[in-house]
1. Just to verify a number: what accessible area does L180 come out at with the full protein assembly present, 1.4 Å probe, Å² rounded to tens?
2. Name the residue farthest towards the positive end of the dipole of the chain from the options G100, F164, N52, assuming +1 on Cβ of Lys and Arg, -1 on Cβ of Asp and Glu, about the Cα centre.
3. Please enumerate, by chain and number, the lysines with C-alpha under 17 Å from the C-alpha of K126, excluding those fewer than 8 residues away in the same chain.
4. Would you calculate a helix-derived [θ] at 222 nm for the chain, using -39,500 (n - 2.57) for each DSSP H run of n ≥ 4 and dividing by the full residue count, to the nearest 500?
5. If I model a spin label as a point 7 Å beyond the Cα along the Cα-Cβ vector, how far apart are those points for K94 and E7 in nm?
6. How large is the Kirkwood hydrodynamic radius of the stretch 195-259, in angstrom, based on all distinct alpha carbon pairs?
7. Got a number for carbon plus sulfur as a percent of the chain's accessible area, 1.4 Å probe?
8. Quick check for you: with a 1.4 Å probe and neighbouring chains kept, what is the accessible area per residue of the chain, in Å²?
Amino acid sequence: MLQMLLERQTIDYSSLASRLNRYNKLLRHEDYVSAKRMLTKEFLNSPSDKANFCGKDIVVSDCDSLKAAPVLLGGEGSAYMLALQDIVAYGLAKYEDYYGNSDEDNLVLYQKYSRKDICRILNWEKDDSSTVYGYRIKNGTCPIFVTYEKKDDISETTKYNDQFIDTQLFSWMTRSRVTLDSHEAQEIINYQQNGLRIYLFIKKSDGEGTDFYYMGKATPVGHRQTTIDDKNGNPIPIMNFKLKLEKTVRNDIYDYLTK
């Protein structure tokens, strides 16, 4: 889209779909709407992001179409324009190297993503990364983010026993105080009836930063209500799900996370 804007083209769904044919990619209308929200800044949600980009409009939106705002185009042949074109070319090349083989949900197995990336890629209306925490159910999707090695200084009720059972099965704990009758537990249990798509993301420790490895789609194959102790040793209800990954985890990734 940025490349087309720099070429001074007006973008709509049809023109972008035609351009993406060059990359053998089919464009869903919801993907176009999501990308459009990024460029118009509708996706921004946090006060800091809104403040950082306040007044910096790079596109002009007209119903379903977009065109470049004057600030984006700069001077033809200027150092600014050459640098911007170079960044766009790099972005397209990086996409081909890292994300060219994405699945129908635009995700690539074992590539790294932040919570904010996933809000965007799953076409959520806003950046809800600050409220996702371990997981969130929204728009028929449920991304799950797991830090495999927990810090010692976190509260007792967040020391979840999340771990691999083997290279395809993962034992995952919900938030504390979620019971079998809780709405979110029932949504996960009844994922087939409601069409919920579950995605598992894991990082080894907080020392890795904010990005998580995408482990693939997951299917609940077992569940039970259990307990976790609070700081006073009192039992708090929690749900334990056994998740089966769509594909067996690659050995080097599995060893890295578990050893």
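The values are calculated or read from the model by the stated rules, or taken from the named source; none is laboratory data. All values reported here derive from a predicted model rather than from experimental measurement. Because the Cβ atoms are built from the backbone with ideal geometry, glycine has one as well, and the counts that use them run over all protein chains shown. Each accessible area value is taken on the protein alone, full model and side chains, heavy atoms only, with ligands, DNA and RNA left out. Shrake-Rupley method; radii C 1.70, N 1.55, O 1.52, S 1.80 Å.
1. About 70 Å², ignoring ligands and nucleic acids.
2. Value computed over the given set: F164.
3. K36, K41, K50, K116, K138
4. Working: 10 runs with 77 residues, N = 259.
Estimated from H runs of four or more residues: -8000 deg cm²/dmol.
5. 2.2
6. Numbers: mean 1/r = 0.0703 Å⁻¹.
Hydrodynamic radius (Kirkwood, Cα only) of the stretch 195-259 equals 14.2 Å.
7. Numbers: 7030 of 14180 Å².
Carbon plus sulfur share of accessible area: 50 percent.
8. On the way: 14180 Å² over 259 residues.
Roughly 55 Å² per residue, with all protein chains present.
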